[in-house]
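Each remark here refers to the structure printed beneath this line.
The values are calculated or read from the model by the stated rules, or taken from the named source; none is laboratory data. From a predicted model like this one, the values you see are computed outputs, not experimental measurements. Positions of Cβ are generated from backbone atoms using ideal geometry, with glycine treated the same way; all protein chains shown enter the neighbour counts. Keep in mind that these areas ignore ligands, DNA and RNA; they rest on the heavy atoms of the full protein, side chains included. Shrake-Rupley method; radii C 1.70, N 1.55, O 1.52, S 1.80 Å.
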Amino acid sequence: MSSAAQVTTGNRLHFGPLAAGGEPGRAFGGIGLMVTDPGCEVVIRPASTDQYAGPVEFADRVRTVLDRLRAAHGDLVPPAVNVELRSAVPLHSGFGGGTQLALAVARGATWDRELAVPGLARTIWRGAGTGIGGGGF
């Protein structure tokens, strides 16, 4: 990993599911729109121990993403990182902020690797509904 990875995302507006029986592993199809503001910004740097700087309500989500990444791709993820959450959308506010935060942390922690977003989303247990957040990321 280089000295730092900065990941900035938008968020999504979800207009609802269209039908059951979408892609294998996905519950619905849907229509949505990505917006740039509000957004999520994460900076990740190598560290000697995992560290987190940002609003406390997001700390457990960041830790969960790192744990899932390491369990699935331990050889691709640094053993310890400093995660600085500079901005994020409040959870459960209707913008898909949890998915964008999770994908931003996953992408930042694997920045110098060739991992596709759909695989990252499955690894961190995001995007099983409509996939709009992952597709927009």
Quiz prompt | Built amide H within the under 5 Å cut-off of L13, gap 5+ | solution = L33, M34, V35
Quiz item: Per residue, how much accessible area does the stretch 68-110 have with a 1.4 Å probe, in Å²?
Solution: 37
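Take the Cα gyration tensor of the stretch 54-117, multiply each eigenvalue by 5, square-root it, and list the three semi-axes largest first, rounded to whole angstrom.
Rounded to whole Å, the semi-axes are 21, 13, 10.
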Quiz item: Amide H of S87: which non-local residues (sequence gap of 5 or more, or other chain) have their own amide H closer than 5 Å, using H built in the peptide plane?
Solution: E41
Quiz item: So who's got an amide H within less than 5 Å of the one on D50, skipping anything under 5 residues away but keeping other chains? H placed 1.01 Å off N, in plane.
Solution: V81
Quiz prompt | Surrounding net charge for F95, when Lys and Arg each add one and Asp and Glu each subtract one, Cβ distance under 13 Å | solution = 0
